[in-house]
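Values in this text are rule-based calculations from the coordinates and carry no lab data. Please read these numbers as outputs of a predicted model, since none were measured by experiment. Please note: Cβ atoms are built from the backbone with ideal geometry, for glycine as well, and neighbour counts cover all protein chains shown.
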Amino acid sequence: MKRELASWFSPALNKEMPIVSYGHYGFALLLVPTAAADYLEYERFQLMDTLAPFINGGKVRVFSINSINNESWLNNEMAGEHKAIRHNQFNEYVFNEVVPFIRTNTSAETPIITCGASFGALHSMNLFLKRPDLINGVISMSGVYDLMEYTKGFYDDQVYFNSPMHYLPNLSDPWYLDHIRRSNHIHILTGSGDYEDPEASRRFSTVLHNKGINHELDVWGPEWKHDWPTWRAMLPAYLENRF
């Protein structure tokens, strides 16, 4: 498959940020890594191999970026306020730098779908909900949508505004709700096996339902654990059957 590496110095993050893309055509799938992983994580764990038929066939062009969780929520030496500031800088990097990069390398009309597993699922959902005018949908796998699962008890306004389980129930702005409701691709996937938390997905699905937001909740069985074999099965299945 076609594979391209790029990098630039991010004004939002004040550091060099690499990005990799796979494919040449199709809608844009923006992968957000798990935990403290990097932009090549999905490739190392063979997810790109399972997506190869869809990439080579022109259904999807995949973009994958670095996480900065080890500079924010996973940095035990940093004060909570500073973690939140760094996280907001990551959001700005995606909205103001990554999205224009994708547009330049695809087209202004190409849909962008965010996608991630584990901590990446929360970020993917949050990015979509915060800018549904830029991002057209989301595939979240094995996520927990309450940011306080990662903040070690710290809570302030910026945790609230980056935690979908906190801010979405109170969201009343018709502009945001109308844009979110236009999406045909809000997919919440989870297994029920070891280290999965299907109840977190069910709780968030209830919030979406109460807001009149059409979405899909798909809970897989107990044989599907919080691990790469699950995500290597889930994502290709959704690309084949939903896109």
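Given 0.36 nm per residue, what is the gain on full extension from Val219 to Arg44 after removing their alpha carbon distance, in nm?
Working: separation 175, 0.36 × 175 = 63.00 nm, distance 2.58 nm.
Answer, rounded to one decimal: 60.4 nm.
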Inset, instruction - Can you pull a Stokes-Einstein diffusion coefficient for segment 136-212 at 37 °C (0.692 mPa s), Rh from Kirkwood over Cα pairs, as a whole number of µm²/s? - result: 243
Inset, instruction - Choose one of Ala6, Gly191, Gly23: the residue whose Cα lies farthest towards the positive end of the charge dipole of the chain (beta-carbon charges +1 Lys, Arg; -1 Asp, Glu; about the Cα centre). - result: Gly23
Inset, instruction - Would you mind checking the radius of gyration and Dmax of the chain based on alpha-carbon positions, in Å? - result: 16.7, 46
Inset, instruction - Give me the Debye-computed log₁₀ of I(q)/I(0) at q = 0.19, 0.25, 0.30, 0.32 Å⁻¹ for segment 204-243, equal point scatterers on Cα only, no solvent, two decimals. - result: -0.72, -0.91, -0.97, -1.00
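Counting only pairs 8 or more residues apart or on different chains, how many lysine pairs in the chain have their Cα atoms under 20 Å apart? Provide the component values of the computation, followed by the final result.
On the way: Lys2/Lys59; Lys15/Lys83; Lys83/Lys130; Lys83/Lys152; Lys130/Lys211.
Going through the chain pair by pair, I get 5.
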Inset, instruction - Express as a percent, rounded to the nearest 5, the fraction of DSSP beta bridges in segment 14-131 (both residues included) that run antiparallel. - result: 30
Legend entry - Coordinate range along principal axes, alpha carbons of segment 1-112, Å, largest first: 46, 30, 20
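Determine the percent antiparallel among the DSSP beta bridges restricted to segment 3-242, to the nearest 5. Walk me through the intermediate numbers first.
Values: 12 of 35 bridges.
If we restrict to bridges inside segment 3-242, about 35 percent are antiparallel.
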Legend entry - Most mobile of Ser118, Ser107, Ser64 in a GNM of the chain (Cα contacts under 10 Å): Ser107
Inset, instruction - Using the Karplus curve 6.51 cos²θ - 1.76 cosθ + 1.60 with θ = phi - 60°, work out ³J(HN,Hα) for each residue of segment 62-70 in order, rounded to whole Hz, and write x for Gly and Pro. - result: 9, 10, 9, 10, 6, 8, 10, 4, 6
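Between Tyr155 and Ala108, take the C-beta separation as r, use R0 = 35 Å, and let me know the FRET efficiency to the nearest 0.05. Provide the component values of the computation, followed by the final result.
Details: r = 39 Å, r/R0 = 1.10.
It comes to 0.35.
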